[in-house]
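The values are calculated or read from the model by the stated rules, or taken from the named source; none is laboratory data. Please read these numbers as outputs of a predicted model, since none were measured by experiment. Note that each Cβ is placed from the backbone with ideal geometry, even for glycine, and that neighbours are counted across all protein chains shown. Surface areas here come from the heavy atoms of the whole protein model, side chains and all, with no ligands, DNA or RNA. Shrake-Rupley method; radii C 1.70, N 1.55, O 1.52, S 1.80 Å.
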2 protein chains.
Amino acid sequence: MGDAPPQEHLVVVLPFRELTDIFEDIRDKFPSIRLTFIDPRSTDMSGPEVKDLWASATILSTLWDVPEIEEAPRLKLIQSIAAGVDGMIHRPIVANTDIIVASASGIHGPPIAEWVVMNWLVSSRLYDTTAEWQRNHNWNEDKNSLLDKIEDNVGKRVGILGYGSIGRQIARVSVAMGMKVLAYTFSPRDTPESRRDTGYIVPDTGDPDGTLPISWHSGSDKASLHAFLSQNLDHLLISVPLTTQTTKFIGAEEISILSKSCTRTTRRPYITNIARGKVIDQDALIASLKSRELGGAALDVADPEPLPKDHPLWEAPNLKFSPHVSGLGIEYMGRAFDVLKVNMRRLERGEELINVYRRKKGY
Amino acid sequence: MGDAPPQEHLVVVLPFRELTDIFEDIRDKFPSIRLTFIDPRSTDMSGPEVKDLWASATILSTLWDVPEIEEAPRLKLIQSIAAGVDGMIHRPIVANTDIIVASASGIHGPPIAEWVVMNWLVSSRLYDTTAEWQRNHNWNEDKNSLLDKIEDNVGKRVGILGYGSIGRQIARVSVAMGMKVLAYTFSPRDTPESRRDTGYIVPDTGDPDGTLPISWHSGSDKASLHAFLSQNLDHLLISVPLTTQTTKFIGAEEISILSKSCTRTTRRPYITNIARGKVIDQDALIASLKSRELGGAALDVADPEPLPKDHPLWEAPNLKFSPHVSGLGIEYMGRAFDVLKVNMRRLERGEELINVYRRKKGY
């Protein structure tokens, strides 16, 4: 009788109800694994039972709860169920070890792309107006006035800052609507290989081979960013991770360049931010909406979150705003655990994992 | 000196302001043509001046104004600026002559597809709720409740009744969102040739080769329609022309089949009608929304139009309704006259025209 390999122990720490179907599927696919679920809302996270779990945990699935370094000597993989791991990167076990940390990046493309396109269309097709007509049983007061106000997306140019999984799915829907996509990345993507999406991709979505943009642009300096913004864009989509470099990445100067380079006579540029609130200089954004330098904006994020009730952002003109909900939906958990399953299988086979957090790059 | 060919005379009769840029472009591209514009709102349409115009008109661009047969002996082409020519088919010059009648079919794909996708997303992503939160400066009351209510479109199945230019552009955006498209046509489309779109196509849109559907279905009988509706559809999109055959095409029985065949536990099927109000049995639709047999509906058309203020349709649950505006937008006239220009060039060259009304088929 040879030695059995040490048992894998997956500890799931999530402030939600137990995900029975998903856990059953994991036990089914990985029959030798031990799986423990704890809900931090109803558990003493510094108590002896949790200490015991940390001691044997080899894989951790979590939102933000992580152990101290010395508590979890067997831990090999921390798999976040969030798209970004910025909430845990300052914790010692993330910052000061070589334990693999992976995000659920890739699962958010479809819902966030839907949120983006919904807001673009609600803005451009005057949904709020026709919804009010319906509420008032009003067939068509001012109906002909819509003819001169509504504009569709054929031929419109969208610049996508950060061509990751979310940017790619937005590109996919944009191209379907007849738009032109221009991609911006920090590192150059000059070869077909470098343009591929190597992370998790929801089946039948995204731009796996990076073939959708009409042009690729890159650079980590202001000059490169400004050159990108000077290309007569109708839409600017922000989908970069929050790092030191991307904090207030888009400020008054960038908005001014974007607006001045846009030659369209019927519309001013529209900014969409589904990344993090701090990527935009929020005061500059509000000012440019008030001055009509921008035609509109859609934000699913703010600085700070939650946004205080008396903050001027709520009332900025031509702004669509929602409280960090664009990635929500019933598919979330199933997809987040799909990423975990992919990585558990790769771990088993000794293959390179996907969605790995690069400590040096900061995302 | 040989005989010059008789001069073409394009008469444009439209109840809008004069389309200066568009007319200039036509004069530029067809330098030998005579172009006359009249606005029927400010013109005596039975006066001697209009009679003179009819006498020499060879091409007519119109919304619904047409001459009597004997008034326009030189007329070769009636080019409507509407997608359907059903508003004029009972006029003698359309019904009882061989004059070519062509529609502006094809130009409506992009705006109507945007209207459709906007309404799908506004419904599924609870836009009205988050918009109300914004109005109330409310960061996230019940935010977590959205997690269980929002659902995206990946893997959803949409049946498209009438796979013309509008259905094709909706298919294009649907596929980009990760959906599966099933196409239904009256005549079988069994060959690659028969699946092509031979009408006007707005550049960079649509499904020119008919390659997007996962399956094609056809038939002009109830049994074929019912078989199509029995395929576990999440969405049914109605984009058929109104004919005797398609009047009340979708009634209580069809809705029941659609609903019963849908196995999804989180959603009931959603019906979208951008064709004509009479294609649906409106009372049956209202009943099925009330009974939750349907999960929702989006209608841009009604029976009758305008819909009376006290009609129960206005208040049907989970209904998005707008007053026949889905095709509107600033691009409308430019694209409508693009179709005319294509047909004028083809006429000049003796080629077959596009978008020709087939008197026998009725569309």
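Which residue, B:54, B:139, B:120, has the most motion in a Gaussian network model of chain B that connects Cα atoms within less than 10 Å?
Greatest mean-square fluctuation among the candidates belongs to B:139.
Taking the Cα atoms of region A:109-321, report the difference between the largest and smallest coordinate on each principal axis, in whole Å and largest first.
55, 37, 34
Can you find, among B:69, B:340, B:131, the residue sitting farthest towards the positive end of the charge dipole of chain B, where Lys and Arg contribute +1 and Asp and Glu -1 at Cβ?
The residue sitting farthest along the positive end of the dipole is B:131.
Quick one: order A:207, B:204, B:303 from most to least accessible surface, probe 1.4 Å. Walk me through the numbers on the way to the answer.
Numbers: A:207 5, B:204 80, B:303 50 Å².
Largest accessible area first, the residues go B:204, B:303, A:207.
Return the single residue from B:275, B:284, B:171 with maximal mean-square fluctuation; model: Gaussian network over chain B, springs between Cα atoms under 10 Å.
B:284
Near the axis that takes chain B to chain A, which B residue has its beta carbon closest, and at how many Å?
Result for the axis mapping B onto A: B:176, 2.
Could you sort A:49, A:254 by their accessible area in this structure, using a 1.4 Å probe and putting the largest first?
Working: A:49 150, A:254 5 Å².
My answer, sorted largest first, is A:49, A:254.
Counting only Cα, what are the radius of gyration and maximum Cα-Cα distance Dmax of region B:198-327, in Å?
15.3, 45
Express the C-alpha Rg of region B:71-133 as a ratio against the empirical globular expectation 2.2 N^0.38 Å, rounded to two decimals.
1.86
Given the C-alpha centroids of region B:51-77 and region A:324-363, what is the distance between them in whole angstrom?
Computed from Cα coordinates, the inter-centre distance equals 66 Å.
Can you tell me the relative contact order of chain A? Whole percent, Cα pairs under 8 Å, sequence separation 6 or more. Intermediate results must be reported in sequence, preceding the final value.
Working: 617 pairs, mean separation 51.4, N = 363.
For chain A, the relative contact order is 14 percent.
Do the sum for chain A: with -39,500 (n - 2.57) for every DSSP H run of n ≥ 4, divided by all residues, what is the mean residue ellipticity at 222 nm, to the nearest 500 deg cm²/dmol?
-9000 deg cm²/dmol
Sticking with the crude label model, points 7 Å out along Cα→Cβ, report the distance from residue B:248 to residue A:137 in nm, one decimal please.
So the two model labels end up 2.5 nm from each other.
State the three equivalent ellipsoid semi-axes of chain B, derived from the C-alpha gyration tensor as the square roots of 5 times its eigenvalues, in descending order and whole Å.
41, 22, 20
Leaving out same-chain residues fewer than 8 places away, which aspartates and glutamates sit with a Cα under 16 Å from that of residue B:360?
Straight-line reach from residue B:360, under 16 Å: B:86, B:98.
Under a 1.4 Å probe, what is the accessible area of region B:109-321 per residue, stated in Å²? Spell out each step's value before the answer.
Details: 8030 Å² over 213 residues.
I get 38 Å² per residue for this part.
If the label for residue A:191 sits 7 angstrom from Cα along the Cα-to-Cβ line, what are its distances to the same label in every other copy, in nm to one decimal, shortest first?
Nearest first, the other copies' label points are 4.6 nm away.
Region B:157-224: Rg/Rh from Cα coordinates, Kirkwood Rh?
When Rh is taken as the Kirkwood radius, the ratio is 0.95.
Could you identify which residue out of A:166, A:38, A:330 has the top mean-square fluctuation in a GNM of chain A using Cα springs shorter than 10 Å?
Comparing A:166, A:38, A:330 in the GNM, the peak value goes to A:330.
Roughly how many Å² of residue A:305 are accessible to a 1.4 Å probe, to the nearest 10?
Near enough 80 Å² of accessible area.
Which entries of A:149/A:260; A:320/B:143; A:341/B:156; B:222/B:260 show an alpha-carbon separation above 20 angstrom in the structure shown?
A:149/A:260; A:341/B:156
Give me the distance in nm between label points sitting 7 Å out from Cα along the Cα-to-Cβ direction at residue A:230 and residue B:128, one decimal.
Reported label-point gap for residue A:230 and residue B:128 is 4.8 nm.
For residue B:16, which sequence-distant residues (separation of 5 or more, or a different chain) have an amide H within less than 5 Å of its own amide H, given hydrogens modelled in the peptide plane?
Residues meeting the criterion, in which the H sits 1.01 Å from N, do not exist here.
Taking 2.2 N^0.38 Å as the expected size of a compact globular protein, what ratio does the Cα radius of gyration of region B:1-145 give against it, to two decimals? List each step's numbers first, then the result.
Details: Rg = 23.3 Å, N = 145, 2.2 N^0.38 = 14.6 Å.
Relative to the 2.2 N^0.38 Å estimate, region B:1-145 comes out at 1.60.
Nearest 20 debye, what's the magnitude of the dipole of the protein assembly as shown about its Cα centre given +1 on Lys and Arg Cβ and -1 on Asp and Glu Cβ? Kindly include the intermediate steps, with their values, before the conclusion.
Values: 84 positive and 96 negative charges, 161 e Å.
Using Cβ point charges on Lys, Arg, Asp and Glu, the protein assembly as shown gives about 780 debye.
Just to verify a number: what accessible area does residue A:127 come out at with the full protein assembly present, 1.4 Å probe, Å² rounded to tens?
The value for residue A:127 is about 10 Å².
Inter-copy label distances at residue B:71, 7 Å along the Cα→beta-carbon direction, one decimal in nm, shortest first?
In ascending order, 8.7 nm.
Cα atoms only, the protein assembly as shown: Rg and Dmax in Å?
28.8, 109
What are the label-to-label distances in nm, one decimal and shortest first, from residue B:142 to the same spot in the other copies, with labels 7 Å along Cα to Cβ?
The answer, with the shortest distance listed first, is 2.8 nm.
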